[in-house]
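The values are calculated or read from the model by the stated rules, or taken from the named source; none is laboratory data. Since we're looking at a predicted model, the values are computed, not measured. Ideal geometry is used to build each Cβ from the backbone, glycine not excepted, and the neighbour counts take in all protein chains shown. For accessibility, only protein heavy atoms count, side chains too; no ligands or nucleic acids. Shrake-Rupley method; radii C 1.70, N 1.55, O 1.52, S 1.80 Å.
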Amino acid sequence: MARELYTARLAKKICISEVAQCYHFEFEIDSLESFPFQAGQFMSAVATDANGKQQTRAYSIASAPSGKGFELCVNRVEGGFFSNHLADLPDLPVGGTIQCHGPHGHFVLNQPVTDSILVATGTGVAPMRGFTQWLFPEDGPDRSEGKDIWLVFGTRHETDIYFHEEFEALAARKPNFHYLPTLSRAKDDWKGLRGYVQDHVAKIVEERAARLGQTLPAAPVDPTIPAKDLSFDIYTYICGLNFMVSAVRDRLAGYGWHKKQVVFERYD
């Protein structure tokens with residue numbers, strides 16, 4: 001069955017990191033009244049390369065649903081067809097267009113909302129931005145239900161902390177949103193967290209368990225309960241490179257977390 005292709009027009013393009021050559025794109029699908037999707041899902045872009053071969057690339061949506069648009073966060077990759085194709089699209093005076101299909105994917109927040117640890121590296125922060133926009137909309141009711149939401153965002157250098165000011169402003173506005181950027185190759189003048197995301201996730205889990213009087217590792221889940229009926233009071237959502245995803249999953253498994261508590265999307 002052929003997927004329906006949409007024509008998406010580039011309405012706005014911003015280079016959010018000159019060093020990393022990371023771009024933030026805002027697309028509009030003019031043929032639609034609205035474009036519904038769930039925060040965390042991805043779009044697949046389609047284009048023909050210089051050799052006449054059709055290329056398809058999946059990109060996490062970096063926004064919550066709003067009107068007929070969606071946003072992406074993409075690093076320009078040397079020799080990479082699609083990242084350069086997107087980065088070179090004109091946005092003014094008339095935006096260039098891409099063909100795309102979607103939304104796709106199951107990397108979405110569990111309902112009802114629980115305490116949640118969002119873990120990302122690099123452009124893996126894109127779906128996390130979608131989650132935070134959905135949970136804490138600027139022009140609508142708060143959907144977080146007062147639950148604690150942590151965002152642990154790891155990268156090498158300060159120049160690569162995408163949407164930094166936006167997340168800082170959200171943390172200042174919402175006391176139950178905790179923003180933890182951490183650098184693995186920080187300069188001496190960096191005053192924030194250092195090291196790898198899995199270490200800071202571990203600290204969150206341990207401090208939360210102590211505050212709630214919970215014992216770690218957690219007791220095993222009753223194997224007679226069907227997987228579809230399992231529910232937990234906290235989930236972790238991870239997006240990034242495979243080795244990071246595995247490191248966080250392994251650390252959480254050491255605390256007795258069930259695999260259903262850990263939702264992830266990885267790319268290499």
* Pull up the stretch 217-240, narrow it to residues that are exposed (fewer than 14 other Cβ atoms within 10 Å of the Cβ) and of a type in the set (A, V, I, L, M, F, W, C), then point me to the one that is farthest from residue 57 (Cα to Cα). => 219
* Residue count, the stretch 244-268 (criterion: modelled with pLDDT of 95 or more and assigned to a loop (DSSP other than H, G, I, E, B)) -> 4
* Structure fact -> Over the stretch 107-129, the set of residues in a loop (DSSP other than H, G, I, E, B), touching a residue at least 40 places away in the same chain (Cβ under 8 Å) and touching a helix residue (DSSP H, G or I) at 6+ places or on another chain (Cβ under 8 Å) is 107, 109
* Structure fact -> Exactly one of 158, 138 is of a type outside the set (A, V, I, L, M, F, W, C) and under 26 Å from residue 202 (Cβ atoms), and that residue is 158
* Asked: Since residue 194 meets every condition but one in (1) modelled with pLDDT under 95; (2) surrounded by fewer than 16 Cβ atoms within 10 Å (Cβ to Cβ); (3) touching a Ser or Thr at 6+ places or on another chain (Cβ under 8 Å), which condition does it not meet?
  -> (1)
* Structure fact -> Counted residues in the stretch 114-151 being open to solvent by less than 10 Å² (accessible area, probe 1.4 Å) and over 17 Å from residue 70 (Cα atoms) come to 9
* **Selected residue (only one of 62, 87 is touching a residue at least 24 places away in the same chain (Cβ under 8 Å), touching a His at 6+ places or on another chain (Cβ under 8 Å) and more than 26 Å from residue 206 (Cβ to Cβ))** => 62
* Structure fact -> Wholly inside the stretch 145-243, strands (runs of 3 or more DSSP E) that include 1 or more residues that are in contact (Cβ under 8 Å) with a residue 60 or more places away in the chain are 149-155, 234-241
